[in-house]
Amino acid sequence: MCGIFGLITKEKDLPVARLIREGLERLEYRGYDSAGIAMVNKGHIEVRKKAGRIADINKDGWLDSTPGTFGVAHTRWATHGKPVYNNAHPHVDCTGKIALVHNGIIENYQDLRKELAMRGHAFQSDTDTEVFPHLIEEFMGKGFDLKDSVMEAVKRCKGAYGIVVIHADNPDYMVVARKESPLVIGIIPGKTTFCASDIPAFLPLTREAIVLDDNEIAVLRPGEVEIYRVKSGERIQNNHFQVNYSIDAAQKVLDGKAYKWFMHKELHEVPRKIRDQMSMTQDRLDSFAQAILDADHVFITAAGTAFYAALAGKFQMTRFGGPYIQAILCSEFIDAVPEMKPNSLVIAVSQSGETADTIEAVRYAREKFGAKICSIVNVVGSSLTRYSDEVIITTAGPEIAVASQKAYCTQITAMSLVALRIAELSHKYDPAQIEAFRKALLDTADVIDHLIIEEGKIREIGLKIAHADNIYFLARGLGQAASLEGALKLKEIAYIHTEAYAAGESKHGPIALIEEGFPIVFVAIPDQTYDRLIGNIMEMKSRGGMIISVVADYDSKVTEISDYTIRIPIANSPEAIAMAAVPFAFVLQTMAYFIADSKGLDPDKPRNLAKSVTVK
Ligand code: AGP
């Protein structure tokens, strides 16, 4: 949660503070309730910070004009302490010579704080972070240099951290360290070094990157990086790699077209991302699918949107010959699964690969019960990939809008491919049939291309419910993943209270709320659930509900009984219907986007949310 961006350079005349602020703005999706910068300036530390969003704080170029030669900045998503000046990062020690930014949570901060306060340290904030600069100050007082002091300080801290530290008397280096919170390094060899919470933040400046691993610490000099293991102090080699993301990933531009919001741009990327996912290597699919078939007990876990993708994925994998898969929210995993039998496997789905609840669930399953972990992750090198035996990387690329959308679409596409590989390996379908399903899955990209061309129609229907206070989303079977996702998107970005129910469940209580004009969105995939869903629509309609249905283009029965329909141009074939989960969800994501925009809300940075939730 929280974004970090730092820069140190040899190049004269670079607008360092402005470049740091711009890098930080590319990380604002990670948190946006306060921000600040610290620069080393002629033997002292200059700190500027405030509550609010970066653009407001930087009005009149206040952050950009911070004097100094190098520095670090932070944008916060509050955990410990309200979003006020004192709690904003960077934090400094008692001497004001050390400044530090932090992403993560220090679990033993209360004990450390008491201990440090007893030794005379004065704390300015309510944060867990502030123990860091004071600990570093103490080790420096004992004669350790900055790097070794940071190394000793992190050994005292329990929990998760990505930190960057600068010192007023060290004019040519900064120190970074990480454990369970992301931190990546960008480098222009011999000239400039960057550190950030994710790669897109420095993408407009360099494509050469180094991922810092857990329990590693690095000394960053201009265009040079030295990495050390925290435990042994041993120096290790840097693994540089070239980032192949498009530069557009960090900008609101696609195919030369400028967008108002990242979310809109990212929705428009979905067809190409599905096509990219379809071309993933057979080897990856083989070992992932085989691991599922070889396991005796299979679980799937995730949070939020990733969990809804997991529900669609589980449905597909079981349907195409895989085992029954038990889906459990990652935040419930430890309590819901007190025991795991031998030869269990957990599939974890995550965009960021950093969600604390997901990491906790997989570590619990792996470390306590020896379960195998297979992950579907969007971020290369993220924590989840390190705790996994098998990894499929989704091809969504950087997703900047806080509300996940293209990641969801590629997650389902990836799991549908695994399902089809399961079908092949288990010989439950003949090869021609499997090929037809695979073609139908690829065709979903064309279907979504059409939906994008005609997105004005989705907007029109969205505007009919934009001012509703409550909306139900109902579906059956595979459609439920889309319905849950559509309901979550409206909550997240348009602040409308929604509930998604299994349609069959709606008569067991939720129906009590229905009165004239109550909007209900039905996801009507024309599969084996279709006729039963019509019964549920009629129950709502006869009580005055306003029926908005998402239907296949060729639909007539649900159309007749609906007030409005959003039509999905899928082929009238069993294969196209079986693979329709993504287009049916895509229109609901798009509708939520248009509703948020029409209400003048910021769909990229919804209130109270952050892109990756690294707290439990
Ligand atoms: C998505 O729109 C949400 N903001 C959120 O539910 C998200 O999907 C969830 O926090 C899981 O994140 P992850 O995919 O990075 O693990």
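The values are calculated or read from the model by the stated rules, or taken from the named source; none is laboratory data. What you see is a predicted model; the values in this text were computed from it and never measured. Quick reminder, even Gly has a Cβ in these numbers, built from the backbone with ideal geometry, and neighbours come from all protein chains shown. To get the accessible areas, we keep the full protein, side chains included, count just its heavy atoms, and leave off ligands, DNA and RNA. Shrake-Rupley method; radii C 1.70, N 1.55, O 1.52, S 1.80 Å.
Looking at Ile434, Ile400, Ile412, which is the one that is within 16 Å of the ligand (Cβ to nearest atom) and either more than 21 Å from Pro323 (Cβ to Cβ) or not assigned by TED's automatic domain parsing to the domain that holds Glu390 (or both)?
Working: Ile434 fails: within 16 Å of the ligand (Cβ to nearest atom); Ile412 fails: either more than 21 Å from Pro323 (Cβ to Cβ) or not assigned by TED's automatic domain parsing to the domain that holds Glu390 (or both).
From the options Ile434, Ile400, Ile412, the qualifying one is Ile400.
Please go through the stretch 1-43 and give me each residue that is open to solvent by 20 Å² or more (accessible area, probe 1.4 Å), of a type in the set (Ser, Thr, Tyr) and within 16 Å of Ile57 (Cβ to Cβ), ordered by number. Please lay out each step first, then the result.
So in the stretch 1-43, the residues open to solvent by 20 Å² or more (accessible area, probe 1.4 Å) come out as 9-15, 18-19, 21-22, 25-26, 32-33, 41-43.
Subsequent filtering for residues that are of a type in the set (Ser, Thr, Tyr) retains 9, 32.
Answer for the stretch 1-43, where residues must be open to solvent by 20 Å² or more (accessible area, probe 1.4 Å), of a type in the set (Ser, Thr, Tyr) and within 16 Å of Ile57 (Cβ to Cβ): just Tyr32.
Take the conditions within 16 Å of the ligand (Cβ to nearest atom), open to solvent by 10 Å² or more (accessible area, probe 1.4 Å), more than 27 Å from Lys605 (Cβ to Cβ) and assigned by TED's automatic domain parsing to the domain that holds Ala419 and apply them to Glu339. Does it pass?
Criteria not met by Glu339.
Let me confirm something: among Glu46, Glu107, Glu115, which residue is in contact with a Lys or Arg (Cβ under 6 Å, 6 or more places away or on another chain) and either surrounded by fewer than 24 Cβ atoms within 10 Å (Cβ to Cβ) or modelled with pLDDT of 95 or more (or both)? Walk me through how you get there before you give the answer.
Values: Glu46 fails: in contact with a Lys or Arg (Cβ under 6 Å, 6 or more places away or on another chain); Glu115 fails: in contact with a Lys or Arg (Cβ under 6 Å, 6 or more places away or on another chain).
Going through Glu46, Glu107, Glu115 in turn, just one is in contact with a Lys or Arg (Cβ under 6 Å, 6 or more places away or on another chain) and either surrounded by fewer than 24 Cβ atoms within 10 Å (Cβ to Cβ) or modelled with pLDDT of 95 or more (or both): Glu107.
Tell me, which residue of the stretch 216-255 that is more than 30 Å from Glu11 (Cα to Cα) and in contact with an Asp or Glu (Cβ under 9 Å, 6 or more places away or on another chain) is surrounded by the fewest Cβ atoms within 10 Å (Cβ to Cβ)? Show your work before the answer.
Initial filter on the stretch 216-255 (more than 30 Å from Glu11 (Cα to Cα)): 230-234, 254-255.
Next, only the ones that are in contact with an Asp or Glu (Cβ under 9 Å, 6 or more places away or on another chain) stay: 230, 233, 254-255.
Numbers: Val230: 18, Gly233: 11, Leu254: 17, Asp255: 9.
Once the filter is applied, the top-ranked residue is Asp255.
Collect the residues in the stretch 335-370 that are within 13 Å of the chain's Cα centre (by Cα) and acidic (Asp, Glu), keeping them in residue-number order.
Selection gives Glu354, Asp357.
How many of the residues making up the stretch 185-207 are among the hydroxyl-bearing types (Ser, Thr, Tyr) and outside any strand (DSSP E or B)?
Within the stretch 185-207, residues that are among the hydroxyl-bearing types (Ser, Thr, Tyr) and outside any strand (DSSP E or B) number 2.
Working carefully through the options Pro189, Pro182, find the one that is open to solvent by 20 Å² or more (accessible area, probe 1.4 Å) and touching a Gly at 6+ places or on another chain (Cβ under 7 Å).
On the way: Pro182 fails: open to solvent by 20 Å² or more (accessible area, probe 1.4 Å).
So the residue among Pro189, Pro182 that is open to solvent by 20 Å² or more (accessible area, probe 1.4 Å) and touching a Gly at 6+ places or on another chain (Cβ under 7 Å) is Pro189.
Would you check which residues across the stretch 57-67 are touching a strand residue (DSSP E or B) at 6+ places or on another chain (Cβ under 8 Å) and open to solvent by 40 Å² or more (accessible area, probe 1.4 Å) and list them?
Trp62, Pro67
Quick one: which helices (runs of 4 or more DSSP H) sit completely within the stretch 502-616 and have at least 3 residues that are within 16 Å of the ligand (Cβ to nearest atom) and over 22 Å from Asp443 (Cβ atoms)? Write out each step before concluding.
On the way: elements: 530-541, 557-560, 574-578, 581-598.
The helices (runs of 4 or more DSSP H) meeting that bar are 581-598.
When you scan the stretch 308-323, how many residues do you find that are out of contact with any helix residue (DSSP H, G or I) (no Cβ under 6 Å at 6 or more places or on another chain) and surrounded by fewer than 24 Cβ atoms within 10 Å (Cβ to Cβ)?
Filtering the stretch 308-323 for residues out of contact with any helix residue (DSSP H, G or I) (no Cβ under 6 Å at 6 or more places or on another chain) gives 310, 314-315, 318-319, 323.
Going one step further and asking which of them are surrounded by fewer than 24 Cβ atoms within 10 Å (Cβ to Cβ), we end up with 314-315, 318-319, 323.
The number of residues fulfilling the criteria is 5.
Taking the stated definitions as given, is Leu27 under 21 Å from the mean Cα position of the chain (by Cα) and assigned by TED's automatic domain parsing to the domain that holds Leu100? Talk me through it step by step, then tell me what you get.
Working: under 21 Å from the mean Cα position of the chain (by Cα): yes; assigned by TED's automatic domain parsing to the domain that holds Leu100: yes.
For Leu27, the condition - under 21 Å from the mean Cα position of the chain (by Cα) and assigned by TED's automatic domain parsing to the domain that holds Leu100 - is met.
Return a yes/no flag: does the stretch 457-466 have any residue that is among the charged types (D, E, K, R), outside any loop (DSSP other than H, G, I, E, B), farther than 26 Å from Gly544 by Cα and open to solvent by 10 Å² or more (accessible area, probe 1.4 Å). Show your work before the answer.
Filtering the stretch 457-466 down to residues among the charged types (D, E, K, R) leaves 457, 459-460, 464.
When the remaining residues are screened for being outside any loop (DSSP other than H, G, I, E, B), the result is 457, 459-460, 464.
Filter once more, so that each one left must be farther than 26 Å from Gly544 by Cα: none.
Checked against the condition, which is being among the charged types (D, E, K, R), outside any loop (DSSP other than H, G, I, E, B), farther than 26 Å from Gly544 by Cα and open to solvent by 10 Å² or more (accessible area, probe 1.4 Å), the stretch 457-466 yields no hits at all.
Within the set of pairs 6+ apart or on separate chains, which have a first residue in the stretch 474-494 that is farther than 13 Å from Ser404 by Cβ, a second that is more than 11 Å from the ligand (Cβ to nearest atom) and of a type in the set (Asp, Glu), and C-beta atoms under 7 Å apart?
That search, which allows pairs on different chains as well, returns Gly477/Asp527; Leu478/Asp527; Ala487/Glu499.
Would you mind telling me which numbered condition in (1) surrounded by 21 or more Cβ atoms within 10 Å (Cβ to Cβ); (2) closer than 22 Å to Gly159 by Cα; (3) hydrophobic (A, V, I, L, M, F, W, C) Ile334 fails?
Among (1) surrounded by 21 or more Cβ atoms within 10 Å (Cβ to Cβ); (2) closer than 22 Å to Gly159 by Cα; (3) hydrophobic (A, V, I, L, M, F, W, C), Ile334 violates only (1).
This table checks each residue for (1) among the aliphatic types (A, V, I, L, M); (2) surrounded by 23 or more Cβ atoms within 10 Å (Cβ to Cβ).
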site	(1), (2)
Ala468	yes, no
Tyr472	no, yes
Ser483	no, yes
Leu490	yes, yes
Ile496	yes, no
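Do any helices (runs of 4 or more DSSP H) lying entirely in the stretch 109-167 carry at least 1 residues that are touching a residue at least 60 places away in the same chain (Cβ under 8 Å), and which ones are they?
Details: elements: 109-118, 131-141, 146-156.
Qualifying helices (runs of 4 or more DSSP H): 146-156.
Of the conditions (1) farther than 16 Å from Ile412 by Cβ; (2) within 15 Å of the ligand (Cβ to nearest atom), Arg284 fails just one. Which one is it?
(2)
Go through the residues of the stretch 379-387 one by one and say whether even a single one is at pLDDT 95 or above, away from the ligand (no atom under 12 Å from the Cβ) and either out of contact with any Lys or Arg (no Cβ under 6 Å at 6 or more places or on another chain) or more than 23 Å from Gly479 (Cα to Cα) (or both). Step through it out loud before you land on a result.
First pass over the stretch 379-387, keeping only residues at pLDDT 95 or above: none.
No: zero hits.
So, in the stretch 152-179, how many residues would count as being charged (D, E, K, R) and closer than 19 Å to Leu24 by Cβ?
Our first condition is that a residue be charged (D, E, K, R); within the stretch 152-179, this holds for 152, 155-156, 158, 169, 172, 178-179.
The next check asks that each one be closer than 19 Å to Leu24 by Cβ; those that pass are 178.
The total comes to 1.
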